[in-house]
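The values are calculated or read from the model by the stated rules, or taken from the named source; none is laboratory data. Values in this document were obtained by computation on a predicted structure and should not be read as measured data. Methodologically, a virtual Cβ is constructed for each residue, glycine included, from the backbone with ideal geometry; neighbour enumeration extends over all protein chains shown.
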């Protein structure tokens, strides 16, 4: 099965073509083509992702990314006859993205249908305006090429990319636990089997990646804040700088598996307000903040591992690229839980990408619908789509 996948949940425009041989989860995967455009430099001047700008950039970039991925996969086939007529329904489907409609109209007139069996697209969670661009693009391609489309959960993609070695998914031992940490999510997800999820803990306010970005702004650092804080925290440890501020560990000892990072962000604000910080002080407070976050995530995760007799632990999401966090989890669980299997994503697959959407699409192939199906018109983007909606253990 060849799966074309589309990701537009936030500020990465990504398109991939993946070949899956065999059934999920034991299939062998081959990445045939992969294209990604990051909007980070565009949003940096805003200090964060500006949804209207992100939506516009996705509309401008999807067709070029499709062309790039198909060309890499050697599936970009010129239409010598050029007799294709653009369906009237296509313009209606893309009426809010006229530039995307124009680009796609030209593309399908000049290129034959590629050899694909299914389209997978992120339908949520994420920024709803940007999700709709990808969903409508996927439905338009499905309509033009008459292939089924499957809407998938972005967070399921993060789970699967964390256990993907580039060819196969790991043979998980259950029950498994996923700690999903990103700009919009901080949650603990229990899995008793593949594709069945139960949320057992989540943030009550700021997600951990959001907290990194907000603290970075307090320190005068550029967006995205996570890498900026991480670099300075590493330098503070290397130089053994003294503690700048004793920061709280919110909800560290609460009798549940939930998180809260808003108070930690506020503590940093009080610690630095009305101060002219030296470069070393910025490094020190960055380390203090990163240490607090890591300690909370580690202790809550350990509690879940112990309480639920977890056999496999998965870290996923953009914040899982944080080196201190990865090292801390690796060292701790190797020492304290040597029988536990710990899975960390390749750093290139920790942030948003379409390879993970292809994996999720393969996992959900039974949910794919064709343009002739009544359910096709019901495919929607949902900014708040929950992973636990995909099945509760």
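Can you name the residue in the range 324-345 that is touching a helix residue (DSSP H, G or I) at 6+ places or on another chain (Cβ under 8 Å) and not in a helix (DSSP H, G or I) and, of all such residues, is nearest to residue 38 (Cα to Cα)?
345
Given (1) modelled with pLDDT under 95; (2) surrounded by fewer than 22 Cβ atoms within 10 Å (Cβ to Cβ), identify the lone condition not met by residue 183.
Result: residue 183 passes all but (2).
Taking into account only those residues within the range 330-364 that are more than 20 Å from the chain's Cα centre (by Cα) and crowded, with 17+ Cβ neighbours inside 10 Å, which is nearest to residue 148 (Cα to Cα)?
The residue in question is 341.
Taking helices (runs of 4 or more DSSP H) that do not extend beyond the range 191-275, which have at least 3 residues that are surrounded by fewer than 18 Cβ atoms within 10 Å (Cβ to Cβ)?
The helices (runs of 4 or more DSSP H) meeting that bar are 225-239, 262-272.
Between 208, 163, which is in contact (Cβ under 8 Å) with a residue 24 or more places away in the chain, within 19 Å of the chain's Cα centre (by Cα) and not assigned by TED's automatic domain parsing to the domain that holds residue 276?
163 is the lone residue from the list that is in contact (Cβ under 8 Å) with a residue 24 or more places away in the chain, within 19 Å of the chain's Cα centre (by Cα) and not assigned by TED's automatic domain parsing to the domain that holds residue 276.
If I ask for residues that are touching a strand residue (DSSP E or B) at 6+ places or on another chain (Cβ under 7 Å), over 10 Å from residue 349 (Cβ atoms) and assigned to a helix (DSSP H, G or I), which ones from the range 154-168 would you list?
Answer for the range 154-168, where residues must be touching a strand residue (DSSP E or B) at 6+ places or on another chain (Cβ under 7 Å), over 10 Å from residue 349 (Cβ atoms) and assigned to a helix (DSSP H, G or I): 154, 155, 159.
Do we have residue 58 as modelled with pLDDT under 95 and surrounded by 17 or more Cβ atoms within 10 Å (Cβ to Cβ) here?
In short, no.
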